[in-house]
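First comes the structure, then the notes that go with it.
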Amino acid sequence: MATPDDDQRERVQEAYRRTRLTLPETCLLILTILAVFYTLSVASGIVLPFVLAIVINLLLSAPMRVLHQRLKVPKPLAALVLMVGFAGLIGVIGTAISVPAAGWISRAPQGLPALRAQLALLHEPIEAVGTAYTHVEQLLGVSTGEPSHTAGSEGLRTLGSTVFDRTRLLLGQLLTMLLMLFFLLTEGDSLLRRFVEIMPTFADKRRAVRIASQIERNVSLYLATITIMNLLVGSLNLVQCWLVGIPNPLLWGVLAFLLNYIPIIGPLTGVMIYFFVGLFTFPSLFQALFAPVIYLCIHMLEGEVITPMLLAKRFTLNPVLVMASLMFWDWLWGIAGAFLSVPMLAVFKIICDHVDTLTPIGHILGGPVRPATVRTLGRDYGLEDLELGEELDR
């Protein structure tokens, strides 16, 4: 009797046989993909706010539906209420971390001697690396020979100009994102309805509706779940910083909450930050390890046990491809790309699962399966008497 896995496997294999590409078609596909990614990089200033608005719209779709359909609030007013609440939350988070962070930055120079004393064991390796870097600069002719005060003033002017440009760009992208989010909240349903209407057949209309509903359900579930878990992680780290004795525990709790939105890289960055904060706070290296070790244990409990258990039924992605997507989008779009990497990968998988020609890609993007060796693969596919390499050569 055929199982659902067998049916899925046969469907994927049939789709793969139908969509085999010739060498020219493969080259053209590769060039098209490269052109798309190049465009996304060059046009990130306008594309990134749109993608952020779409993802945040998926998160706010459930409360928007409650306000409009159950409470009978007009769509523009409901969208305005949600946007004001979202902006207020951002303002509260910014206020919670800006003032304490400025205080820590201002106290950093006074804490450097103590930090240098605690890291005395690493003094010689760090000095050797610095010496080697200086030699490399001299070999490459990087040094300009300018007076130190001239170079310093030029560096300050460059830094000021960079900060001003980045701030202006960030504000422009934030305004674009908010405008796009408002219109998605108010007119997103009508846009989807118009898109479904132009589908040529009833099967295509049904597929489009199924893709849209599954994307909204799965991505909003993912974002809501990780937001709740990040609140838990931030609260636990706030409590542990207060118990350990680190000043401004609210700052480090909010920081842990924000960093946990970025898979893998965010928590590891948080562990390193907690370690250096412990070095500035405590007199011994042993005491400085308390906070980062507890942070790591909290992250392992949340990231490896609780969150996967909550999302396992609806949100299964291959961990290798999740990490590759994270690194790629972080390289392309920075921190915002790292935050968007998992939702975009999930959306791509949902689309692939419902489009026949893309079904093999969706199957590859699926979550982890039981470990397989050459022998188990041969038994699964009836190749007990053949080597895996010989079957692949066929």
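The values are calculated or read from the model by the stated rules, or taken from the named source; none is laboratory data. All figures in this text were calculated on a predicted structure; none of them were measured in a lab. For neighbour counting, all protein chains shown are included, and Cβ atoms are generated from backbone atoms with ideal geometry for every residue, glycine included.
Scanning region 263-292 for residues that are at pLDDT 85 or above and under 19 Å from MET229 (Cα atoms) yields a total of 7. Among the residues of region 217-246, those identified as closer than 24 Å to LEU279 by Cβ and crowded, with 16+ Cβ neighbours inside 10 Å are VAL233, GLY234, LEU236, ASN237, LEU238, GLN240, CYS241, VAL244, ILE246. Applying the criterion of being acidic (Asp, Glu) and under 23 Å from VAL81 (Cα atoms) to the residues of region 162-220, the residue that is modelled with the lowest pLDDT is ASP189.
Scanning region 279-300 for residues that are touching a residue at least 40 places away in the same chain (Cβ under 8 Å) and not in a helix (DSSP H, G or I) turns up PRO283, SER284.
Please specify each residue of region 260-278 satisfying the condition of being in a helix (DSSP H, G or I), in contact (Cβ under 8 Å) with a residue 12 or more places away in the chain and either crowded, with 21+ Cβ neighbours inside 10 Å or under 20 Å from the mean Cα position of the chain (by Cα) (or both). Residues satisfying the conditions are ILE265, GLY266, PRO267, GLY270, VAL271, MET272, ILE273, TYR274, VAL277, GLY278.
So, LEU243, is that one assigned to a helix (DSSP H, G or I), more than 16 Å from VAL293 (Cα to Cα) and among the aliphatic types (A, V, I, L, M) or not?
no
Yes/no per residue for (1) over 27 Å from the mean Cα position of the chain (by Cα); (2) surrounded by 17 or more Cβ atoms within 10 Å (Cβ to Cβ):
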residue	(1), (2)
LEU23	yes, no
LEU28	yes, no
VAL36	no, no
VAL42	no, no
GLY45	no, no
PRO49	no, yes
ILE97	no, yes
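Within region 52-85, restricting attention to residues that are closer than 29 Å to GLY334 by Cβ and free of Cβ contacts under 8 Å to residues at least 40 places away in the same chain, the residue that is surrounded by the fewest Cβ atoms within 10 Å (Cβ to Cβ) is VAL84.
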